[in-house]
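Participant: Here it is, the structure, as structure tokens.
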Amino acid sequence: MSKNTENQKLESILEQLKKKEISDLPADFSETIDHAMFLVPALLPPDTDPKLMKQMAEMEGENLPMPEGVHPKPVVLENNNGDKFLPAFTSQKHLQAGGKDTPKFPMSVNMPFRDCIRLLENDTEIKGIAVNPFSHNFVIPVGQTAQALKKEMTLEDYHVFSRRKFESMVLPERLFKEGVSFIEQLREKKGDLLREMYEEVYDREYACPYKPEEFDLMPMQIDDALSVTQIIMPAKYGVAGTAAQIIISAKESEEMPKYFAVIRSNEAGKLGIVEKQADGEVVTKGEVSDDSGVLSAVIEMVK
């Protein structure tokens, strides 16, 4: 399974900071960490159903969605001064970087950085997030998570950042949470639903720049068992790194729908196809030279 490229980019930045090759955070650090996925060590509450505990034990070492009914509690690390931090790891390698002194964590939960921040909102004892505490130990203090990571943006930068967040996080997360029922809502409400969801990534300071009619949806029934929904994304703020198209497939033989993004590159005419999976991993599936070959390429992948 391919590793999230944003995690690799984040690890590279942290390594440069550790070696003092750079002294300041890059301008795109906020975007990089916001798109990365983290392993957060967790414990199962004592009242967890024994059947679910057994199921989790059988899943050990596998990167699978959390079973319904399981509500893990994050593990907290404490330093010599008694300060508590939420550990967040960019990979299994960094989770085990403490060697024989690495604590034995019962399990770990995959989550984006914004969910790590949410875990701190109601806990006044935790001082902040420690990213890769056994290798890089990059600490982001509570109360500074938003301010420390927010860089000065032009209005265009903000719209592009918001678009990437919608395409890589908000839309796929809703799909994987609701499954086929979300696809049915999408086919019924079309651009109205997408425009409504887009509001999630905007604050009151700026307005969403898109109208419902700027999202072009084409639902297709490929055969008796396979349906595909193609979304042509708005051209406005469609720069390199944003999606020209989103393609969602649903197959009767598979419990979870699939989510594909067709990403613009800096090279004219080149488009990359990536699959965002339910566990947060982003897998590069291939490259096409123009829009015309995208749909057939994705259908072949799904079949």
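The values are calculated or read from the model by the stated rules, or taken from the named source; none is laboratory data. Model, not experiment: these values are computed from the prediction. Here the Cβ is made from the backbone with ideal geometry for all residues, glycine too, and neighbour counts use every protein chain on show. To get the accessible areas, we keep the full protein, side chains included, count just its heavy atoms, and leave off ligands, DNA and RNA. Shrake-Rupley method; radii C 1.70, N 1.55, O 1.52, S 1.80 Å.
Participant: Suppose accessible area is computed on protein heavy atoms with a 1.4 Å probe; arrange 22, 129 from highest to lowest.
Facilitator: Result of the area sort, largest leading: 22, 129.
Participant: Using a cut-off of 22 Å between alpha-carbon atoms, which lysines can reach residue 251, once sequence neighbours fewer than 8 places away in the same chain are excluded?
Facilitator: Hits, sequence-local ones excluded: 177, 189, 190, 276, 285, 303.
Participant: Kindly write out, for the range 241-247 in residue order, the coupling ³J(HN,Hα) from the Karplus curve 6.51 cos²θ - 1.76 cosθ + 1.60 (θ = phi - 60°), rounded to whole Hz, with x marking Gly and Pro.
Facilitator: Per residue, the Karplus-derived 3J(HN,Hα) values read x, 9, 8, 7, 9, 10, 10 Hz.
Participant: Do any trypsin sites (Lys or Arg not before Pro) in the range 191-263 lie in a DSSP loop with no more than 14 other beta carbon atoms within 10 Å, and if so, which?
Facilitator: Hits after loop and neighbour filter: 204, 236.
Participant: Apply the a/c threshold of 1.5 to the C-alpha gyration tensor of the range 169-303 and tell me whether it is rounded, prolate or oblate.
Facilitator: oblate
Participant: Return the loop-located GluC sites (Glu not before Pro) in the range 210-303 (DSSP other than H, G, I, E, B) with at most 12 other Cβ atoms within 10 Å of their own Cβ; answer none if there are none.
Facilitator: 252, 254, 255, 267
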